[in-house]
Amino acid sequence: MRYLVDAMNVIGARPDGWWRDRQAALAALVQRLEIFAERERAEVTVVLERPLPICSSVLTVTSAPAAAADSADDEIIRLLDADEHPHDIVVITSDATLARRARGAGAQILSAGRFRDNLDRLDRLDRPGATGAPE
C-alpha cells in the first residue's frame, strides 16, 4: 500500500503539545512513520508545509515549494495528479477539503485520528512481550 501523509494534519490530530516545538513533532512523526513503513512494507511519503531539515532513508519526506495557505494540500494533489495509479494511494488527512480533492483525484482517504490510533497500536506491539496484530 502507498500512503501520502498530510504531516501537519496528523500531528495536529491530537492536542499533545506539538505546537511547542513543531519541527520536533514533525521529526518524531517521521520516526514513527519509518517504523510503520518497515513493519507494514508500505511506501510512505510525508508532505510538509515547508522545507525542513528532516530526512529519512526509509520513506520520502517532501514539502510544498513554499509555505503558504494550503501549500501542503496542493502538493499532495500535485503528487496524486502526477501518479499513474492514484487509486492505489491512501491519503492520511482529516482536512475535509483536501479529502474531497484527493477522492476526486482517485485516492482513498484515512482520517488522521484513526491513523494515529493505528500508529499507537503498532507502538504497543513493539513493546517487549506484546502480542497481537494491528487493526
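Across the stretch 67-90, a minimum of one residue is classified as under 25 Å from Asp126 (Cα atoms) and at pLDDT 95 or above. The set of residues in the stretch 1-40 that are part of a loop (DSSP other than H, G, I, E, B) and under 14 Å from Leu119 (Cα atoms) comprises Ala13, Arg14. Of all residues in the stretch 1-18, those satisfying the criterion of being over 19 Å from Ser71 (Cα atoms) and at pLDDT below 95 are Met1, Arg14, Pro15, Asp16, Gly17, Trp18.
Inspection of the stretch 28-38 finds a residue satisfying the criterion of being surrounded by fewer than 18 Cβ atoms within 10 Å (Cβ to Cβ), touching a residue at least 40 places away in the same chain (Cβ under 8 Å) and under 26 Å from Leu125 (Cβ atoms).
One residue alone among Ala37, Ala27 is closer than 23 Å to Leu80 by Cβ and among the hydrophobic types (A, V, I, L, M, F, W, C), and that residue is Ala37. Listed by first and then second residue, the pairs linking a residue in the stretch 77-105 that is without any contact (Cβ under 8 Å) to a residue 60 or more places away in the chain and under 17 Å from Ala64 (Cα atoms) to a residue that is outside any loop (DSSP other than H, G, I, E, B) and of a type in the set (D, E, K, R), with Cβ atoms under 7 Å apart and 6 or more places separating them unless they lie on different chains, are Ile77/Arg101.
The values are calculated or read from the model by the stated rules, or taken from the named source; none is laboratory data. Here the structure is a predicted model, which is why all the values come from computation and not from measurement. Cβ coordinates were reconstructed from backbone atoms using ideal geometry, including for glycine residues, and neighbour counts include every protein chain displayed.
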